[in-house]
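Structure record follows, encoded as structure tokens.
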């Protein structure tokens, strides 16, 4: 389900003329070496805001830790978790700021 929501959200971002990167690899630098740890964020909008898309019963601390990790590694101050599995959309949005 997440992939369908991601596709629709990307279409909406395109309609609004916003730039974004999709399924972006997040590198980890350790002692001057870039490591591929398999981290991929869902969307980076206007090279500023990270969006992590979910379709889960509830947002857990693991989801929040994942978003915060991406924000720190990419030095992006704002991120959102958007959970599409909620009756009211605003109940499924978590905002994090570094």
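The values are calculated or read from the model by the stated rules, or taken from the named source; none is laboratory data. Fair warning: this is a prediction, and the values are worked out from it, not measured in the lab. Cβ coordinates were reconstructed from backbone atoms using ideal geometry, including for glycine residues, and neighbour counts include every protein chain displayed.
All but one of (1) modelled with pLDDT under 90; (2) over 21 Å from residue 77 (Cα atoms); (3) in contact with a helix residue (DSSP H, G or I) (Cβ under 8 Å, 6 or more places away or on another chain) hold for residue 35; state the number of the condition that does not hold.
(3)
Output the residues belonging to the range 82-98 that are part of a strand (DSSP E or B) and surrounded by 10 or more Cβ atoms within 10 Å (Cβ to Cβ).
The answer is 82, 83, 93, 94, 95, 96.
As an exercise: evaluate residue 24 against (1) under 23 Å from residue 8 (Cα atoms); (2) touching a strand residue (DSSP E or B) at 6+ places or on another chain (Cβ under 6 Å); (3) surrounded by 14 or more Cβ atoms within 10 Å (Cβ to Cβ); (4) modelled with pLDDT of 95 or more and give the number of the one condition it does not meet.
Tallying (1) under 23 Å from residue 8 (Cα atoms); (2) touching a strand residue (DSSP E or B) at 6+ places or on another chain (Cβ under 6 Å); (3) surrounded by 14 or more Cβ atoms within 10 Å (Cβ to Cβ); (4) modelled with pLDDT of 95 or more, residue 24 fails exactly one: (4).
Could you list, in sequence order, the residues of the range 70-81 that are without any contact (Cβ under 8 Å) to a residue 40 or more places away in the chain and either buried (at least 16 other Cβ atoms within 10 Å of the Cβ) or not in a helix (DSSP H, G or I) (or both)?
71, 75, 76, 77, 78, 79, 80, 81
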